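The values are calculated or read from the model by the stated rules, or taken from the named source; none is laboratory data. This is a predicted model, so every value here is computed, not measured. Cβ sites come from the backbone with ideal geometry, for glycine too, and all protein chains shown count toward neighbours. Keep in mind that these areas ignore ligands, DNA and RNA; they rest on the heavy atoms of the full protein, side chains included. Shrake-Rupley method; radii C 1.70, N 1.55, O 1.52, S 1.80 Å.
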Amino acid sequence: MDLDFITQNSIIYVLIAWVIILGVAKGLKLEKHGFELKIYSLVYKNQQVQS
């Protein structure tokens, strides 16, 4: 397998993975469980630590 093909397209693989992660997070409605979803980040907000 040619590694140049993988390294040249690595940003595409990362973007595809991020779209899948966001899709799954939206589908499971993770906002109700303390996750904050944005296009550029996925953050877990623990209420016990913040209080």
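Tabulated data
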item	result
3J(HN,Hα) from dihedral phi, the range 12-22, Karplus parametrisation 6.51/-1.76/1.60, rounded to Hz, x for glycine, proline	5, 5, 5, 5, 5, 4, 5, 5, 5, 4, 5
Accessible area (Å², per residue) of the range 1-44, counting only protein heavy atoms and a probe of 1.4 Å	86
Inter-site label distance for I12 and V43 at 7 Å from Cα along Cβ, in nm	3.3
The range 1-44 - Kirkwood radius from inverse mean 1/r over Cα pairs (Å)	11.8
Exposure ranking of K26, K38 by accessible area [1.4 Å probe, largest first]	K26, K38
